[in-house]
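Asker: Let me begin by handing over the structure; questions about it come next.
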């Protein structure tokens, strides 16, 4: 998909398939910033016909991104009938939001644009400007045209920006903005030996592989060749 340009009323959809990534892939050459250096908040709303999602960003961090890359090459979103994934190109293995809808959406009727919100300016670095936001609009499928009990059955989000950098530098405690109430914070993927999350991923990966391979099963007896077999071989040699 391609974002709605400023002042434009036309929305063009462009399919984008992210590259295959895994837990331990090194940082992409296209990496600019991760969500925890850009995103202040996440919002999701719905009515009988639509679902809307907003990714609210820090004003100064957004301007820095805009100077580096065209926005249509930076933001990306994959939508399936029952789920959505929003991410930044260059950091595909760490989606901003990955959620499974309570119902079904029409993947042919999805659009997005860049807008601003004033309600977050009090928590960003520059309180004199509104916060930029990525807005994604989805239309519910005809079979799901009703208000769902909740927008997402399951939802993971990237950790968001630190609330108070002065406090963090003084105490080392990471107090971060919350995002969606129903979302769990995903562990960050990628190859970073200095990250605790990297080693958590290593532990989980090793445990999962052991379960698949069966090495976590109980001990098994080791069957060795018997001495009789060796004697028979010797006898055969003598006969020759």
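Asker: Over the range 35-187, what is the mean sequence separation of C-alpha contacts under 8 Å (at least six apart), divided by residue count, expressed as relative contact order in percent?
Answerer: Values: 320 pairs, mean separation 45.8, N = 153.
Dividing the mean separation by the residue count of the range 35-187 yields 30 percent.
Asker: Consider a paramagnetic label point 7 Å from the Cα of residue 63 along Cα→Cβ; state which residues of the range 152-175 have an amide N under 16 Å from it.
Answerer: The answer is none.
Asker: Which of 58, 106 has the fewest other C-beta atoms within 10 Å, and how do the rest follow up to the most? List each step's numbers first, then the result.
Answerer: Working: 58 24, 106 16.
Ordered from fewest to most neighbouring Cβ atoms within 10 Å, 58, 106 come out as 106, 58.
Asker: Turning to a different aspect of this structure: For 60, 158, 177, 82, what's the fewest-to-most ordering of other Cβ within 10 Å of each Cβ? Walk me through the intermediate numbers first.
Answerer: Details: 60 11, 158 24, 177 19, 82 16.
Listed from fewest to most nearby Cβ atoms, that is 60, 82, 177, 158.
Asker: Could you give the alpha-carbon Rg of the range 35-187 over 2.2 N^0.38 Å, rounded to two decimals?
Answerer: On the way: Rg = 15.8 Å, N = 153, 2.2 N^0.38 = 14.9 Å.
Rg over 2.2 N^0.38 Å, computed on Cα atoms: 1.06.
Read-outs throughout are calculated quantities, based only on the coordinates presented, and are distinct from any laboratory measurement. This one's a predicted model, so the numbers in the text were calculated from it and none came from an experiment. Here the Cβ is made from the backbone with ideal geometry for all residues, glycine too, and neighbour counts use every protein chain on show.
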